Amino acid sequence: MDNFIYITAVFLLAGMVKGVTGMGLPTVAVAMLSLVMAPVQAAALLVVPSLLTNVWQLASGASVYPLWLRLWPMMAGICAGTAAGSVLALDAGRASGALGVALAAYAAMGLLNVRWRVGAGGERAWSPLVGAATGAISAATGVFVIPAVPYLQALELEKDELVQAMGMAFTVSTVALAVSLTARGAWQPAAAGLSFLAQVPAMAGMLLGQRLRGRMRPALFRRCFLLALMLLGAHLALESAWR
């Protein structure tokens, strides 16, 4: 019962973060759930809420077909990387450590405002490689923001295009992760049932976050969010190292 209350609170918070920032549901959910369960179990609970909220985000703007034509090599790389990563699956302790390092690295890049630009020629070469790296990290940790989000930001897309591109990458990552978890026997009926239930607080949190978006300073919220992620990532990495 305590775990159920904790899971509900986590998905409510994660949905709110996504509603405000357009991202962060899997990152927050997996990071906080990993404090009480293995990352692979946390990732299994994430499947349905992540898929629904990301499809919603993907469909909220203009036609996605032009973006798909541009980004399909990255999406293919995500699928290939997830498949390869699932074969080389880490044990729970190492997965928690990898998750902590990924979260801390992502937060540090955000806090330091690390930015770069990828030109058209570089995009053709980098897209499948970035996708493959994202998929491999996703298979190990359940988190698919590294290096996908920094890379999409480097493409200098318009704001609405960037939100949709992240929605596309997260949707493909979620589907690929679900297939990987099913193949590994980690998405059992019990996990699937809890995952369906978790969509309720996740969607409620997302709606709340969308309402809050216009009432708060996004820069301050983002800074606090990244700092919290860095502390949480450091905790997971250090705890794994001490085992």
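For segment 193-243, a tally of residues being in contact with a Phe, Trp or Tyr (Cβ under 7 Å, 6 or more places away or on another chain) and of a type outside the set (A, V, I, L, M, F, W, C) returns 2. The set of residues from segment 34-56 being among the aliphatic types (A, V, I, L, M) and within 16 Å of residue 205 (Cβ to Cβ) comprises 45, 46, 48, 51, 52.
Counting residues in segment 215-225 that are in a helix (DSSP H, G or I), under 17 Å from the mean Cα position of the chain (by Cα) and under 16 Å from residue 29 (Cβ atoms) gives one or more. Of note, residue 165 does not satisfy the criterion of being closer than 20 Å to residue 85 by Cα and either among the charged types (D, E, K, R) or touching a residue at least 40 places away in the same chain (Cβ under 8 Å) (or both). Being modelled with pLDDT of 85 or more and more than 22 Å from residue 51 (Cβ to Cβ) is a condition met by no residue of segment 170-179. Consider residue 152 carefully, then state whether it is more than 16 Å from the chain's Cα centre (by Cα), part of a helix (DSSP H, G or I), farther than 12 Å from residue 48 by Cα and at pLDDT 85 or above. No; evaluated as a whole, the condition is false for this residue.
The rows are residues; the columns are (1) at pLDDT 80 or above; (2) touching a Ser or Thr at 6+ places or on another chain (Cβ under 7 Å); (3) closer than 30 Å to residue 6 by Cα.
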position	(1), (2), (3)
36	yes, no, yes
55	yes, yes, yes
58	no, yes, yes
61	no, no, no
87	no, no, no
121	no, no, no
139	yes, yes, yes
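Restricting 162, 194 to those that are at pLDDT below 80 and touching a Leu at 6+ places or on another chain (Cβ under 9 Å) reduces the list to 194.
When residue 133 is tested against (1) modelled with pLDDT of 85 or more; (2) buried (at least 20 other Cβ atoms within 10 Å of the Cβ), only condition (2) is not met. Annotation: residue 146 fulfils all but one of (1) surrounded by fewer than 18 Cβ atoms within 10 Å (Cβ to Cβ); (2) part of a loop (DSSP other than H, G, I, E, B); the unmet one is (1).
The values are calculated or read from the model by the stated rules, or taken from the named source; none is laboratory data. As the structure is a computational prediction, the values presented were derived from the model and not from experiment. Note: ideal-geometry Cβ built from the backbone for every residue, glycine included; neighbour counts use all protein chains shown.
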